[in-house]
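Enquirer: Pasting in a structure now, in structure tokens, and then I'll have a few things to ask.
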Amino acid sequence: MTDAAGIFKALGEQTRMRIAMLLVGQELCVCDLTEVLRLPQSTISRHMTKLRQSGLVADRREGIWIHYRLADDKVAKDISQLLDNSFRNMQPYRGDRERLAAHAVKSGCLPSSTKKKSRSQQTAVAV
């Protein structure tokens, strides 16, 4: 069972709160989060460790990518619903969702597309 106090302690840090808001209703990998939050991979990974330890976030490995989602237990689901209902239209969370939507359109890193583009494919897209 998830410890609610541990979750709220983890969410007491702004970056972890932003990550949790981005994970409401979807699964993302670290590269998605680094792009949207404009933070280094090491910073995101450190925060993901805290969120995972709190029980709010679960992960799964797919090749070289680790995909994160909010945990499936009742406490985590209730907290995610509270977050979504209370904060979704506030900044910086709204801006993060907008950047994620723009990133999803141009990115090859989201879970539905885990193939890395070759150098020639990247050049063709850039032209």
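The values are calculated or read from the model by the stated rules, or taken from the named source; none is laboratory data. On a predicted model such as this, the values are computed, not experimentally measured, just so you know. For neighbour counting, all protein chains shown are included, and Cβ atoms are generated from backbone atoms with ideal geometry for every residue, glycine included.
Enquirer: Can you tell me which residue in the stretch 66-94 is farthest from MET21 (Cα to Cα), limited to those that are of a type in the set (Gly, Ala, Ser) and at pLDDT below 90?
Expert: The first filter runs over the stretch 66-94 and keeps only residues of a type in the set (Gly, Ala, Ser), leaving 71, 76, 80, 86.
Checking the rest, the ones that are also at pLDDT below 90 come to 76, 80.
On the way: ALA76: 12, SER80: 8 Å.
Out of the qualifying residues, it is ALA76.
Enquirer: Regarding the stretch 66-76, can at least one residue be identified that is assigned to a loop (DSSP other than H, G, I, E, B) and under 25 Å from ALA101 (Cβ atoms)? Before the answer, list the steps.
Expert: Step one: filter the stretch 66-76 for residues assigned to a loop (DSSP other than H, G, I, E, B), giving 71-73.
Then drop every residue that is not under 25 Å from ALA101 (Cβ atoms), which leaves 71-72.
For the stretch 66-76, residues assigned to a loop (DSSP other than H, G, I, E, B) and under 25 Å from ALA101 (Cβ atoms): present.
Enquirer: Inspect the stretch 57-65 for any residue being in contact with a strand residue (DSSP E or B) (Cβ under 6 Å, 6 or more places away or on another chain), modelled with pLDDT under 90, surrounded by 14 or more Cβ atoms within 10 Å (Cβ to Cβ) and assigned to a strand (DSSP E or B) and give the result as yes or no.
Expert: Checked against the condition, which is being in contact with a strand residue (DSSP E or B) (Cβ under 6 Å, 6 or more places away or on another chain), modelled with pLDDT under 90, surrounded by 14 or more Cβ atoms within 10 Å (Cβ to Cβ) and assigned to a strand (DSSP E or B), the stretch 57-65 yields at least one hit.
Enquirer: Moving to a separate point now. Of all residues being part of a loop (DSSP other than H, G, I, E, B) and in contact (Cβ under 8 Å) with a residue 40 or more places away in the chain in the stretch 5-28, which is nearest to HIS67 (Cα to Cα)? Just the residue, please.
Expert: It comes out as GLU27.
Enquirer: Look at the stretch 83-101 and say how many of its residues are free of Cβ contacts under 8 Å to residues at least 12 places away in the same chain and of a type in the set (Lys, Arg).
Expert: Looking only at the stretch 83-101, we keep the residues that are free of Cβ contacts under 8 Å to residues at least 12 places away in the same chain, and these are 85-86, 89-91, 94-95, 98, 101.
Retained after the next criterion (residues that are of a type in the set (Lys, Arg)): 94.
Here the count works out to 1.
Enquirer: Still on this structure: Taking the conditions exactly as written (in contact (Cβ under 8 Å) with a residue 12 or more places away in the chain, part of a loop (DSSP other than H, G, I, E, B) and either touching a helix residue (DSSP H, G or I) at 6+ places or on another chain (Cβ under 6 Å) or surrounded by 13 or more Cβ atoms within 10 Å (Cβ to Cβ) (or both)), does LEU51 satisfy them or not? Break it down into steps so the answer makes sense when it comes.
Expert: Numbers: in contact (Cβ under 8 Å) with a residue 12 or more places away in the chain: yes; part of a loop (DSSP other than H, G, I, E, B): no; either touching a helix residue (DSSP H, G or I) at 6+ places or on another chain (Cβ under 6 Å) or surrounded by 13 or more Cβ atoms within 10 Å (Cβ to Cβ) (or both): yes.
The answer is no for LEU51.
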